[in-house]
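Trainee: Below you'll find the structure I mean.
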Amino acid sequence: MRNPYELTFIVRNDPSDEVINNTITQVQAWLEANNMGQVNKIDRWGRRKLAYELDKQREGYYVCLNADVDPVNLPELERNLKLSPNILRYLLIRTDN
């Protein structure tokens with residue numbers, strides 16, 4: 001059974017928008033691979049200044065994504081997010097809908 005989740009992540013600030021778009025597409029592909037989940041909404045917040053320096057970065061590109069995900073597949077998703085070199089931080093929470 002799928003539950004609603006909200007995934008907010010910060011993409012490494014890159015002068016090229018192509019890298020940012022590819023990273024967002026990659027996260028969406030992870031969610032939709034092997035019938036793991038379904039992305040409902042992608043909200044791009046844009047470039048923002050970070051509260052403190054992360055990996056020598058002072059700015060990041062914020063993305064908020066709403067999806068219905070099977071909880072069994074969450075460890076694999078979190079593993080992919082941790083290993084991605086373009087994602088600085090992420091927060092995955094279950095929402096009440």
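Bear in mind these aren't lab numbers, they're just calculated from the coordinates by the rules spelled out. No experiment lies behind these values; they were computed from the predicted model shown. When we count neighbours, we look across all protein chains shown, and the Cβ atoms used for this are built from the backbone with ideal geometry, even at glycine.
Trainee: Here are some values of Rg/Rh (Cα atoms, Kirkwood Rh): [x] 1.04; [y] 0.97; [z] 1.06. Which one was computed from this structure?
Mentor: [y]
Trainee: If you place +1 on the Cβ of every Lys and Arg and -1 on the Cβ of every Asp and Glu, how big does the dipole about the Cα centre of the stretch 1-65 come out, in debye to the nearest 20?
Mentor: 180
Trainee: For LEU91, LEU83, LEU77, what's the fewest-to-most ordering of other Cβ within 10 Å of each Cβ?
Mentor: With the sparsest Cβ surroundings first, the list reads LEU83, LEU91, LEU77.
Trainee: Please give every one of the lysines within straight-line cross-link reach of LYS82, meaning a C-alpha to C-alpha distance under 16 Å, and leave out same-chain neighbours fewer than 8 residues apart.
Mentor: none
Trainee: What is the sum of charges around LEU7, taking Lys and Arg as +1, Asp and Glu as -1, for the other residues whose C-beta is under 12 Å from the C-beta of LEU7?
Mentor: -1
Trainee: Okay, moving on. Could you work out the local net charge near ALA67, counting Lys and Arg as +1, Asp and Glu as -1, over the other residues with Cβ closer than 13 Å to its Cβ?
Mentor: After counting each charged neighbour, the total is -2.
Trainee: Can you tell me the orientation of helix 17-32 relative to the chain, as the angle in degrees between its alpha-carbon axis and the longest Cα principal axis, to the nearest 10?
Mentor: That works out to roughly 20 degrees.
Trainee: Also, quick follow-up: Based on other C-beta atoms within 10 Å, arrange SER16, SER84 from fewest to most.
Mentor: Sorted ascending by nearby Cβ count, the order is SER16, SER84.
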